[in-house]
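Here's the structure, in structure tokens; my notes come after.
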Amino acid sequence: MLRNSAGGQAYSRRSAIPEDIDLEVKNNDGREKGLVSEFSVNFGTKKLTGQLFYTKRHTNNQAYEKKKLYDINADIYSNRFRGKVIPEDKEPTSTEHPFTSEGTLEGGFLRA
């Protein structure tokens, strides 16, 4: 069973849910939609940096907003990377996303 940094069940607290994420934007609206990631990779220094966002849907009660959730800093090893995930909101009682303390990240590059 996955556990979050506070010792509870992973994803047991509120994250980006379908009611919040803007999935209905038309391409010509000039806005991104859904969950968004932005990465930069320097293969010379073997570093990967990036940010993870979600977009809030425009409704009568809230405006469209692209909201940053995490910063990513990782080192590249072969075709894999490992590093740190730093939350934008570090308040331990936050209900905006499940992880409010620094965590670890691991991933890989797939060949197309």
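The values are calculated or read from the model by the stated rules, or taken from the named source; none is laboratory data. From a predicted model like this one, the values you see are computed outputs, not experimental measurements. Virtual Cβ from ideal backbone geometry, glycine too; neighbours counted across all protein chains shown.
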Residues within the range 54-72 that are exposed (fewer than 15 other Cβ atoms within 10 Å of the Cβ) and modelled with pLDDT of 85 or more, tallied: 1
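Here is a check on your reading of the model: is residue 53 among the aromatic types (Phe, Trp, Tyr), under 14 Å from residue 105 (Cα atoms) and part of a strand (DSSP E or B)? Let's see the steps before the verdict.
Values: among the aromatic types (Phe, Trp, Tyr): yes; under 14 Å from residue 105 (Cα atoms): no; part of a strand (DSSP E or B): yes.
In short, no.
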